[in-house]
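Below: one structure, written as structure tokens.
We did not get these values from a lab; they are worked out from the coordinates using the rules stated. Note that the coordinates shown come from a computational prediction; the quantities given were computed from them, not determined experimentally. Virtual Cβ from ideal backbone geometry, glycine too; neighbours counted across all protein chains shown.
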């Protein structure tokens, strides 16, 4: 989650997916996370909360969102240096 958040945050300022709400990189990041959790659910044929606790899921989302903000900050400041 941290690596994904930073990666999406670095490209966040450029808005590579468009200008709409669903195209915002943070929303796109959580869409990718949701697809990954669905893939995990179907691959293991068990509900996700049996594999990962709810606390771990929430903590992962918080870490991902914080990492997005850190990556976005670096992306904006590195673009300003150029």
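Given the criterion assigned to a helix (DSSP H, G or I), loosely packed, with under 13 Cβ neighbours inside 10 Å and out of contact with any strand residue (DSSP E or B) (no Cβ under 7 Å at 6 or more places or on another chain), identify the matching residue among 55, 46.
Just a single option satisfies the conditions, and that option is 55.
Among residues of region 49-60 that are without any contact (Cβ under 8 Å) to a residue 24 or more places away in the chain and on the phi < 0 side of the Ramachandran plot, none has a Cβ under 6 angstrom from a residue that is exposed (fewer than 11 other Cβ atoms within 10 Å of the Cβ) and assigned to a helix (DSSP H, G or I) at a sequence gap of 6+ or on a separate chain. Might you let me know whether region 34-41 holds any residue that is in contact with a helix residue (DSSP H, G or I) (Cβ under 8 Å, 6 or more places away or on another chain), without any contact (Cβ under 8 Å) to a residue 40 or more places away in the chain and surrounded by fewer than 12 Cβ atoms within 10 Å (Cβ to Cβ)? No, region 34-41 has no match at all.
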